[in-house]
1. What strands (runs of 3 or more DSSP E) completely inside region 99-141 contain at least 1 residues that are in the same structural domain as Ala89 (by TED's automatic domain parsing), farther than 11 Å from Val75 by Cβ and in contact with a strand residue (DSSP E or B) (Cβ under 8 Å, 6 or more places away or on another chain)?
2. Being touching an Asp or Glu at 6+ places or on another chain (Cβ under 8 Å), of a type in the set (A, V, I, L, M) and at pLDDT below 85 is the requirement here; does Val15 meet it?
3. Sort out which residues of region 114-128 are exposed (fewer than 15 other Cβ atoms within 10 Å of the Cβ) and within 32 Å of the chain's Cα centre (by Cα), and write them in order of number.
4. Filter region 1-20 for residues that are among the polar types (S, T, N, Q) and under 19 Å from Ile38 (Cα atoms) and give the result.
5. Given (1) of a type in the set (A, V, I, L, M); (2) modelled with pLDDT under 90; (3) surrounded by 14 or more Cβ atoms within 10 Å (Cβ to Cβ), identify the lone condition not met by Met86.
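The values are calculated or read from the model by the stated rules, or taken from the named source; none is laboratory data. Note that the structure is predicted; figures quoted are calculated from it, not measured. As a convention, Cβ positions derive from the backbone with ideal geometry for all residues, glycine included, and neighbour counts pool all protein chains shown.
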Amino acid sequence: MKKFKFTISGDEYDVHIQDIEENIATLEVNGTKYQVTIQGEVKSTKTPKLVRKPVVQLPGEGLIKKQQSSGGMAVKAPLPGTIFKMNVAVGDQVKTGDKLLVMEAMKMENQILAEKDGQISVIKVKEGDAVLQDDVLLEIS
């Protein structure tokens, strides 16, 4: 908090005031910690102490829900964004390089392409959905 150098009877002391709470000060003198009582006028701190109620969680809040996978290859979002346009539906056959969907991220349209041949088994997003990086968008089996 504050550092001082004192000379008392020719001896030098390095004093570090670490904390002052009400009329008790915690300080360190030449590496040794002390708690001292301050007598006289005690100035109140200008910074108020924040007192909050304990956080009460609702039942099930904070639990991670695992979704069942169909066993297909998951197509994940490469970066955070919004689903702009869906080009496929469940049951569609796709080949490597086919456009699956268009995603808007950082004010640019990004085309998500199929990485393997297969059939769309699950679609987990719809147009307008906001997704985070690595969210599963759809699965190809």
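1. Working: elements: 99-105, 108-113, 118-123, 136-140.
Counting at least 1 such residues, we get 99-105, 108-113, 118-123.
2. Working: touching an Asp or Glu at 6+ places or on another chain (Cβ under 8 Å): yes; of a type in the set (A, V, I, L, M): yes; at pLDDT below 85: no.
So Val15 does not fit the description; no.
3. So in region 114-128, the residues exposed (fewer than 15 other Cβ atoms within 10 Å of the Cβ) come out as 115-117, 119, 124, 126-128.
Glu115, Lys124, Lys126, Glu127, Gly128, listed by residue number.
4. Step one: list which residues in region 1-20 are among the polar types (S, T, N, Q), which gives 7, 9, 18.
Across region 1-20, the qualifying residue is only Gln18.
5. (2) is the only condition that Met86 fails.
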